[in-house]
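As structure tokens, the structure follows; a few thoughts come after it.
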Amino acid sequence: MRITENDFEDIKSSPLTVQRRVIEIIENETDISIDNPTNPFVLGLETSVAGTRFALDELTSNMRILFPSLSEDEQDLFHHITTEEESGTFAIPSDVKLTFMINVNKIKEVGIYDENTQTFKTTLPKYTEIIVADTIFTLLHDVDIYYRGDYSYVEEIIEEDQQDNTGNVYSVITKDIDNLDWITFELKVKQLKREYVEIGLIPNQKVDLTFNIDNQYAYTKAYLYRDGNTYPVNITHNSSVYNHDNLTLRVKVSETKVNYSIPMFYLIDSSPLVNSNLIIEIYTTKGRIVIPLDKFSTNDFKIKLPKKFRTPEASTMEKIDKMVLSRNIVDGGSNIKTFEELREEVIYNTTGIRDLPITEHSLARFVANRNFFISKVEDNLVLRSFIASKDVNAEYKDINIKANIDLLHSTLELYKPSINQDTIIFNDNDILVKSNTIVSANNGKLIPIDQNIKDFIKTSPTNEVSSFMQDNELYSIPFYYLIREDRDILETYIYDLDKPVMKNLYINNKNTYFIQNVNITRYGIFKKDYGFDIHFTLYGNKEFETIDKSKVFIQIGYQLGNTKVYFKASYDSDTNTYKAIIESDLTLTDSKRLNVTNGYSQLFDKNIKLDENVELIIYTTDTSLPVDVRYESTLEIVNETHANALTKETINIILGNVLDRLWNKSYMTYTDFRFKRSEEDVYLTYKDDVYAGDIVSEEGVIIHNEDNSYFSTKLLYRKGDIIRDDLGNPLYKYRKGDYLKDENGDLIEDTISGRVFYTDVIMSQAEYFIVDNSNYKDYYTTILDIIRNWLNDDLEVFNNKLLEHSFIYYRPHKKITSPKVNDNLFTKHIVKPKVTLYIDQNLYSISSQEDEISKIGKIIHSYISKNTFRLTDIREDIKSKLGNGILSVKVENLDENNHEVIEYKDFNNRIILDKKITSSKEVNYDIELKIETL
């Protein structure tokens, strides 16, 4: 009998068992009996077994280090991660641009004045914190601010190890409603909280510091301060790695603590490092967050300057009035990697922040840093396309909302003869689907609803609308889709016009010839059905105020090739502003410019850029002022005989954005209805004036008396008059529904009605658009802002990093078709769960049935978005979050077979929860809730 492999396996778990096994073999195979524990053989055997055990432990430990798939903790994995790659291992902070406003009068009062340049200077110091929504954002650079006269200059002081921002910062001087001047500029700040500690290094004294952290660990910076100089310190998260020649600080991170230590050999008596100061900066972040900052006023933003100022200019900032605001969305960052995520990154060599993802694994990790997951939809010799998806409800939660919204994608069917809705326009070879078009889903088919239904929804009482919505599956399309057909080739343009923006107003120059002084102080732009309304508020001196407001105008000049198209803003007494209108049919050209139908231009086609810096000229037609030829010669004021320019300004107007990164495929099919039919009765009319003696053909064509044998000046009918029969009844060229013919008598092919067009669209449940509740309107707007941010920011970053002929598009991972679950079974895509709570009536109380449904719905909602979920987890979560008194929970109807475990087989299609409009005009989950007492 011999020792087997299983016996060696036992050595690792129980050396004593192996020792007994060896003694048994000896006693069974020989006549020797080992019954004395003091026998030297027993001591040798114990030593051998223990040594073997330790050797196997060391081998196993080395194997875990050598092969990441065998690793058991982060320290095993850090042997495979370089220092540069460690930056992507921990939490990554989000960043956002904030608008800073610094009071000019205070700068002139306390700023540092340079007589040589006649400039005032102040500094917004490094490590300034901006606090909003209980979230800290930190400025990582000194920002120098200069002011001289009407001129300002802002510069970020970039340090050598920080290359993520540019040095020069665009700034303007703006006026508030009190006519106070403010230097205004945008800065990018990171969502970081900085804490620091400074300790002395003492010979032979151990350095082992532990700090509690409230947020997630991001990174550490350390410096050695000696003899008045500062030196960077190496940072390592691998306990086996250090630099003998330069001080290395070891960092060990846990969920709530960070430990710092220094190997003792650095701190011996003869070390040059002792008697120096070690400065440790700890940076923590909330990781992945979404905060719509436009919900907060300037009073909600708190500015906290650092305790120590490094320059005299920085110290002046304490006495200067300053404000912060933003209309942006904080949408970014990533959470600290779990051990499983980190191990997968090491295995597939995707650790760190990859600047150029090559493999699909590295690409998946690259987008995962922003909480997206991807799937490949096309891969051939000339094109590779990926879909990036993300659950918006995992990103943003609004406590004022009872039910979280769902975003879906599907294919919209457009067939002209069956469409009657005011937001869908057919023009020649174009089909325009406007934003907020309402569509209906039925058996996997998506079609526009009829205008009568849309009017019913707008005008009917809430209870009737709610009942109708529960019986019908309606969705709202949030963006514009323009489908253009050219020789059987379809081109689809997706764009957004519903949130125009004006920003970066600055004064170019003023007309010093006149004493009248004026400039724009406030402005706004608003989307309308006919285009856009632009409003300006002017502020002028008392001399300007004497001019009649009806004689003051603002000329808006859009660049149009080598010329311009001009719009004029005039005084509007209803709003007490100067108002201009840009009229448009809201379609784009092939070059993705907006088609404009008003304005003055030398060109017939007036197509303007969606994002453009435009020229503003404030002028007056007051004839009491002489014409200033000197100043007007440099400015062009159109369609005016007597005009004086007073001020020239420039502003950036963003009418909308083209959403190229939104997934779309379009195609068409033919129907039997291939030729054009008349959509109404068309009378037969005379093609020319008819005189006595002329002959009229059946088609209304006039055959004049060619041989002049008879000539009459008596006019019987004018061109365009209706032709009638002898009884006076009108004759028809076409009756409604008749086929149309060309001049040769041939049928005319119908390029629109004879075809069915299909295009992929993104949409949301229509309840959020329809419900008459400001909280839900704001929530819906915020969700769309988040989607805009993904498309214009995240997706652009992704695509800029891809190899050639590769693209990533955004598309929601929910559809109106049945998802596959478990053993490739199809289940309903939209469900109305049944939930039963079994309670102890002495412990459980409920204030509102709808509130309880909301809590339950949000719990279920969070689970059904996962790739796999268990009803056991849902039941336990409901019991935990609904408080005491719930003894048991029953959940039904999440799928047609009531599986306990549901696994999606297609990650691009998932179950969604049905919604309803309540009597209190809120959107809640449509869940059947029963409460039973045990």
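Confirm whether SER818 is modelled with pLDDT under 90, more than 20 Å from MET763 (Cα to Cα) and out of contact with any helix residue (DSSP H, G or I) (no Cβ under 9 Å at 6 or more places or on another chain). First the steps, then the outcome.
Values: modelled with pLDDT under 90: yes; more than 20 Å from MET763 (Cα to Cα): no; out of contact with any helix residue (DSSP H, G or I) (no Cβ under 9 Å at 6 or more places or on another chain): yes.
It is false that SER818 is modelled with pLDDT under 90, more than 20 Å from MET763 (Cα to Cα) and out of contact with any helix residue (DSSP H, G or I) (no Cβ under 9 Å at 6 or more places or on another chain).
When each of LEU603, LEU625 is tested for being surrounded by 14 or more Cβ atoms within 10 Å (Cβ to Cβ) and either charged (D, E, K, R) or in a loop (DSSP other than H, G, I, E, B) (or both), the lone residue that passes is LEU625. If the condition is being among the basic types (Lys, Arg) and free of Cβ contacts under 8 Å to residues at least 24 places away in the same chain, then segment 814-873 contributes only LYS866.
I'd like the full set of residues that are of a type in the set (Val, Ile, Thr) and either touching an Asp or Glu at 6+ places or on another chain (Cβ under 9 Å) or open to solvent by 30 Å² or more (accessible area, probe 1.4 Å) (or both), limited to segment 129-151.
Result: ILE131, VAL132, ILE136, THR138, VAL143, ILE145.
Tell me yes or no: at least one residue of segment 370-389 is of a type in the set (Asp, Glu) and surrounded by 15 or more Cβ atoms within 10 Å (Cβ to Cβ).
Checked segment 370-389: no residue is of a type in the set (Asp, Glu) and surrounded by 15 or more Cβ atoms within 10 Å (Cβ to Cβ).
Given the condition touching a Lys or Arg at 6+ places or on another chain (Cβ under 8 Å) and open to solvent by 40 Å² or more (accessible area, probe 1.4 Å), answer yes or no: does some residue in segment 22-33 qualify? Break it down stepwise before answering.
Kept after step one, since they are touching a Lys or Arg at 6+ places or on another chain (Cβ under 8 Å), are these residues of segment 22-33: 25.
Next, from what is left, pick out any that are open to solvent by 40 Å² or more (accessible area, probe 1.4 Å): none.
No, every residue in segment 22-33 fails to be touching a Lys or Arg at 6+ places or on another chain (Cβ under 8 Å) and open to solvent by 40 Å² or more (accessible area, probe 1.4 Å).
Note on segment 354-380: among residues that are among the aliphatic types (A, V, I, L, M) and modelled with pLDDT under 80, the one that is farthest from ARG788 (Cα to Cα) is ILE358. Of all the listed residues (ILE289, ILE268), the sole one being touching a helix residue (DSSP H, G or I) at 6+ places or on another chain (Cβ under 9 Å) and over 18 Å from LYS221 (Cβ atoms) is ILE289.
Please go through segment 488-506 and give me each residue that is within 15 Å of VAL761 (Cβ to Cβ), of a type in the set (A, V, I, L, M) and buried (at least 20 other Cβ atoms within 10 Å of the Cβ), ordered by number. Steps first, please.
Looking only at segment 488-506, we keep the residues that are within 15 Å of VAL761 (Cβ to Cβ), and these are 490, 492-496.
Add one more test, that the residue is of a type in the set (A, V, I, L, M), and what stays is 490, 494.
Residue satisfying the conditions is ILE494 alone.
Of all the criteria given as (1) at pLDDT below 90; (2) within 25 Å of THR89 (Cβ to Cβ); (3) within 27 Å of the chain's Cα centre (by Cα), the one not satisfied by TYR170 is (2). Every test in (1) open to solvent by less than 10 Å² (accessible area, probe 1.4 Å); (2) under 30 Å from PHE798 (Cα atoms) is passed by SER410 save one, and that test is (1).
Kindly indicate whether any position in segment 278-293 is surrounded by fewer than 20 Cβ atoms within 10 Å (Cβ to Cβ) and hydroxyl-bearing (Ser, Thr, Tyr). Taking every residue of segment 278-293 in turn, none turns out to be surrounded by fewer than 20 Cβ atoms within 10 Å (Cβ to Cβ) and hydroxyl-bearing (Ser, Thr, Tyr). Under the condition of being in a strand (DSSP E or B), among the hydroxyl-bearing types (Ser, Thr, Tyr) and either in contact (Cβ under 8 Å) with a residue 60 or more places away in the chain or open to solvent by less than 40 Å² (accessible area, probe 1.4 Å) (or both), the residues counted in segment 656-684 number 4. The set of residues from segment 222-243 being part of a strand (DSSP E or B) and open to solvent by less than 40 Å² (accessible area, probe 1.4 Å) comprises ALA222, LEU224, ILE235, THR236.
Condition check for LYS503 on (1) over 30 Å from ASN436 (Cα atoms); (2) in contact (Cβ under 8 Å) with a residue 60 or more places away in the chain: one failure, at (1). Within the set GLY737, GLY754, the sole residue that is touching a strand residue (DSSP E or B) at 6+ places or on another chain (Cβ under 7 Å), open to solvent by 20 Å² or more (accessible area, probe 1.4 Å) and modelled with pLDDT under 90 turns out to be GLY737. Here is a check on your reading of the model: is ILE637 closer than 30 Å to GLU545 by Cβ and touching a Phe, Trp or Tyr at 6+ places or on another chain (Cβ under 8 Å)? Taking the combined requirement at face value, the residue satisfies it. Considering (1) modelled with pLDDT under 70; (2) open to solvent by less than 60 Å² (accessible area, probe 1.4 Å), the lone condition that VAL49 does not fulfil carries the number (1).
Can you tell me which of GLY728, GLY700 is open to solvent by less than 80 Å² (accessible area, probe 1.4 Å) and at pLDDT below 75?
Numbers: GLY728 fails: at pLDDT below 75.
From the options GLY728, GLY700, the qualifying one is GLY700.
Of all residues in segment 309-333, those that are in a loop (DSSP other than H, G, I, E, B), open to solvent by less than 40 Å² (accessible area, probe 1.4 Å) and at pLDDT 90 or above total 2.
The values are calculated or read from the model by the stated rules, or taken from the named source; none is laboratory data. This is a predicted model, so every value here is computed, not measured. Glycine gets a Cβ as well: all are built from the backbone with ideal geometry, and neighbour counts include every protein chain shown. Just so you know, the surface numbers come from the protein's heavy atoms only, side chains and all, with ligands and any DNA or RNA stripped out. Shrake-Rupley method; radii C 1.70, N 1.55, O 1.52, S 1.80 Å.
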